[in-house]
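Written below as structure tokens is the structure these notes are about.
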Amino acid sequence: MKSKFISFFKLIFPSSAIEGVVFIFFIICYGILGSYIALNYRVIFDNRIPWDAYFSFDNRSIVMTGGSFERHPLSYYFFNWVRELALLISGGKMDATFRLALAWFSNIIISLSILQVFKYLKNVIKLPPAINLLIVAFYSIFSTNIILSFTPENFTYTLFLLTLFQHYSAIKLKKEEKISTMALALAGISVGGLTVTNIVKVFIPVLFEKNLFRSWKKFGNAVFRTLFTLACFVFFYLNRIDFKYQNIAERTEKQYEKFSNVTSTPTWDMISSYFFGGNILFSNFIVRDRHNMNGFEYKGLVMDVYSSWIPYVFISILLILVLWGYFRNFSTQLVQIIMISFFVDIIIHCVMRFGLHTSYIYGAHFIFAYPLLLGWLYYSYRSFPKMLSFLTAILGVLFIYLAVNNFIRMTEFFHFINQYYQ
């Protein structure tokens, strides 16, 4: 038991000097950003503003209630702990200290999720440190990571849990070991509990366990682990709503109708600017008038589609690199797991159109696929120095453009909160 606890601790936290440096670096960078916003502005948490203060995140609503049960069935319990701990730190007041605590919880979690990506590149793909650092640095300035580093939201913790399980399952499969029943159940309850559709991703690695479809015993064991996980999840879900299961279908249908019938923007532009683009490269911002349904009016910031051809080229090149990495390693099971997980979100948002007009906020469900597939692309050319130099040059140019664009957009974000949230 002690050895398992130590292994779990080493899996989550830094277990080497370079991992420690990576973690501390991002803790400091994101910490400075989040601390400044929390201490000087009320945008992270304002008891009068339940949702949509910036980029359609539901900060106050999530912190106080965990969000709607049909999409986030168990987050109510989780955010009770988060809120009470933040209140303990702030002495029971929802003031700047309360906001600072919330921001630092997000900072730590996002830094740990980036560490998981670094560990995957280092321990699973086994890339050289310099390439690992370049990919992680590029990934760290994705718009989703920047915003979630100070945002108390389901997505913040979902990103960490998904990257953690991606790393853990890759290690188990590489060792030709099965994912244990308790690990699968814990992942299903935590990942699915924060966002219900993500529970599907927990079962994907099970399909790639060695000789699963060649042995009835192994197949039966996998079925048992899957059913046990689903049973645990369903029990906790139904307990959350007092076993009034008829409410699930009704509320889910209303949510689907609400978030899937937007026709003001062409579908192709929502897919490119929001789903593939907005969670990486900030787009233009629009200020909207909002109200909390109780007479309080406030301003909200949302993303628009790209107004220049350059961002479309950036996203296209990045997608080409990602798909290149996928097809170069098509026969690699770990790569298939990443892409199938990504494909689940493509189906939900791009095909079924759920939340497509705000899909830039769902980036936490899949953006980790980009650095991992870039890592596999580098791996496939590990014996070709010229190709490695070519890839590094391309990634370097993308990195510079991403950094400049997102820095400029963040100055616009600060202008917004300076004007409306001091």
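The values are calculated or read from the model by the stated rules, or taken from the named source; none is laboratory data. Bear in mind that the values here come from a model prediction, so they are computed numbers and not experimental data. Note that we place each Cβ from the backbone using ideal geometry, even for glycine, and neighbour counts take in every protein chain shown.
Data overview
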item	result
Which numbered condition Ile37 fails, given (1) on the phi > 0 side of the Ramachandran plot; (2) surrounded by 17 or more Cβ atoms within 10 Å (Cβ to Cβ)	(1)
Some residue of the stretch 231-244 being within 23 Å of Val335 (Cα to Cα), in a helix (DSSP H, G or I) and either modelled with pLDDT of 95 or more or of a type outside the set (Asp, Glu) (or both)	no
Considering residues of the stretch 34-59 that are within 19 Å of the chain's Cα centre (by Cα) and among the charged types (D, E, K, R) only, the residue farthest from Leu100 (Cα to Cα)	Asp52
Count of residues meeting criterion [surrounded by fewer than 22 Cβ atoms within 10 Å (Cβ to Cβ) and polar (S, T, N, Q)] in the stretch 342-367	1
Residue check for Ile367: touching a Phe, Trp or Tyr at 6+ places or on another chain (Cβ under 7 Å), over 30 Å from Arg48 (Cα atoms), outside any helix (DSSP H, G or I) and not basic (Lys, Arg)	yes
Matching helices (runs of 4 or more DSSP H) fully within the stretch 1-79 where at least 2 residues are in contact with a Pro (Cβ under 7 Å, 6 or more places away or on another chain) and within 22 Å of Asn279 (Cβ to Cβ)	59-65
Flag for Ile315 being modelled with pLDDT of 95 or more and either surrounded by 14 or more Cβ atoms within 10 Å (Cβ to Cβ) or under 25 Å from Thr197 (Cβ atoms) (or both)	yes
Filter pass, Val322 being in contact (Cβ under 8 Å) with a residue 24 or more places away in the chain and either surrounded by 20 or more Cβ atoms within 10 Å (Cβ to Cβ) or assigned to a helix (DSSP H, G or I) (or both)	yes
Qualifying residue in the stretch 247-269 (condition: modelled with pLDDT of 85 or more and of a type in the set (Gly, Ala, Ser))	no
Any pair with Cβ under 8 angstrom, 6 or more apart, that starts in the stretch 231-251 at a residue that is at negative phi and ends at one that is among the polar types (S, T, N, Q)	Ile241/Asn247; Arg251/Ser68
Flag for Leu134 being in a helix (DSSP H, G or I) and crowded, with 22+ Cβ neighbours inside 10 Å	no
Search result, residues across the stretch 78-130 that are surrounded by 16 or more Cβ atoms within 10 Å (Cβ to Cβ), touching a Ser or Thr at 6+ places or on another chain (Cβ under 8 Å) and among the small types (Gly, Ala, Ser)	Ser90, Ala101, Ala103, Ser106, Ser111, Ser113
Count - residues of the stretch 285-312 that are of a type outside the set (Ser, Thr, Tyr), closer than 17 Å to Ser56 by Cβ and surrounded by 15 or more Cβ atoms within 10 Å (Cβ to Cβ)	9
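Quick grid of which residues meet (1) within 30 Å of Ile49 (Cβ to Cβ); (2) part of a loop (DSSP other than H, G, I, E, B); (3) more than 18 Å from the chain's Cα centre (by Cα):
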| site | (1), (2), (3) |
| --- | --- |
| Phe327 | no, no, yes |
| Met339 | no, no, no |
| Leu398 | no, no, yes |
| Tyr401 | no, no, yes |
| His415 | yes, no, yes |
